[in-house]
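All remarks here apply to the structure that follows.
The values are calculated or read from the model by the stated rules, or taken from the named source; none is laboratory data. Since this is a predicted model, take the numbers as computed values, not measurements. FYI the Cβ positions are ideal-geometry reconstructions off the backbone, even for glycines, and counts take in every protein chain you see.
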Amino acid sequence: MEYKFTERGAEIITKNEFDLRNTFECGQCFRWNETDDGSYCGIVKGKYAQIYRDGDSIVIKNCTEQEFYEIWKDYFDLDNDYNKIRSEIADISPELKHAVDSIDGIRILNQEPWEALCSFIISQNNNIPRIKGIVSRLCENFGEKISNGYSFPSAETIAKLSVEDLAPLRSGFRARYIIDAAQKVASGSVDFESIRCTTLEQGRKELMTITGVGKKVAECTLLYGLHRLEAFPIDVWMQKALSTLFKEINIYNLGVYAGIAQQYIFHYSRLHPELVNN
């Protein structure tokens with residue numbers, strides 16, 4: 001993928017490898033919001049950004065070359081050839097080809113592990129608007145004020161709080177899970193860097209030592225927060241999809257890009273809820 005830097009900011013030259021809506025609204029992140037003009041605004045690593053498509057370019061407004069290479073190149077996983085990955089996934093089975101052909105431009109974001117873990121703890125038994133609301137209140141109450149918003153509060157900051165301190169979030173039963181996660185991350189008993197290098201099973205087990213973190217949240221953290229692209233989160237919706245639309249798929253045979261295949265399965269199933277619900 002090519003990049004250039006103009007008076008507008010950083011420009012990523014891409015046709016169908018990067019679609020903003022499909023990437024930001026596929027359920028993997030909760031701090032990007034679409035504006036009235038079709039651009040998206042979000043905060044990553046304490047940096048506010050406005051991003052939009054113009055022809056064959058994705059423009060990160062006012063982004064410098066240094067900032068692009070320090071934050072956005074890695075965050076958007078721009079070193080990975082997603083068209084090649086799509087082709088490899090499509091070759092696995094006719095069902096997966098249908099799923100891959102149903103949507104363009106999904107990319108797996110390289111999010112900060114603590115933010116991903118905390119966000120997916122909040123996501124349990126929740127809908128996206130409410131998840132976004134809780135995450136927003138978490139940042140407003142405990143993050144640092146930056147231009148146009150607030151940073152995501154560190155695990156060390158949250159670890160010092162009590163469940164009662166989190167009352168303004170209106171996060172319900174999830175509050176004690178957030179506190180326990182923060183304390184384990186801050187103390188090092190859950191070590192993201194070691195999880196990056198260990199087996200998927202061992203990483204999952206370590207994350208599941210956190211109160212309230214089951215297999216689904218652990219798998220989401222591995223995929224979206226630690227960029228373990230072989231991880232495959234399964235919830236009730238995904239179980240239905242696998243048992244109705246993708247009966248021939250063995251998720252353990254999907255290889256190193258199983259997590260990307262999961263996104264296409266999830267999206268395709270949302271396009272055909274009548275099949276999943278039969």
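Points to keep in mind about this one:
- If you go through the stretch 147-171 and keep only what is modelled with pLDDT of 95 or more and outside any helix (DSSP H, G or I), you end up with Gly149, Tyr150, Ser151, Phe152, Pro153, Ser154, Lys160, Leu161, Ser162, Val163, Arg170, Ser171.
- Reported count of residues in the stretch 164-181, each being hydroxyl-bearing (Ser, Thr, Tyr) and farther than 19 Å from Glu140 by Cα, is 1.
- Some residue of the stretch 243-251 being charged (D, E, K, R) and either modelled with pLDDT under 90 or in contact with a helix residue (DSSP H, G or I) (Cβ under 6 Å, 6 or more places away or on another chain) (or both): yes
- In the stretch 92-124, the residue that is modelled with the lowest pLDDT out of those that are farther than 24 Å from His272 by Cβ and assigned to a loop (DSSP other than H, G, I, E, B) is Gln124.
- Test: Leu138 is of a type outside the set (D, E, K, R), more than 12 Å from Cys29 (Cα to Cα) and assigned to a helix (DSSP H, G or I): yes
- Among residues of the stretch 243-257, those that are surrounded by fewer than 18 Cβ atoms within 10 Å (Cβ to Cβ), in a helix (DSSP H, G or I) and not small (Gly, Ala, Ser), counted: 5
- Filter result (in contact (Cβ under 8 Å) with a residue 60 or more places away in the chain and part of a strand (DSSP E or B)) within the stretch 45-57: Lys47, Tyr48
- Being of a type in the set (S, T, N, Q) and at positive phi is a property that Asn62 has.
- Filter result for the condition that a residue is surrounded by fewer than 22 Cβ atoms within 10 Å (Cβ to Cβ) and either within 17 Å of the chain's Cα centre (by Cα) or within 18 Å of Glu25 (Cα to Cα) (or both), over Asp77, Asp91, Asp165, Asp81: Asp77
- Residue within the stretch 14-26 that is over 18 Å from the mean Cα position of the chain (by Cα), modelled with pLDDT of 95 or more and farther than 27 Å from Trp237 by Cα present: no
- Positions within the stretch 213-229 being buried (at least 16 other Cβ atoms within 10 Å of the Cβ) and outside any helix (DSSP H, G or I), in sequence order: Val213, Leu226, His227, Arg228, Leu229
- In the stretch 198-212, residue nearest to Gln124 (Cα to Cα) [restricted to those that are assigned to a loop (DSSP other than H, G, I, E, B) and free of Cβ contacts under 8 Å to residues at least 24 places away in the same chain]: Met208
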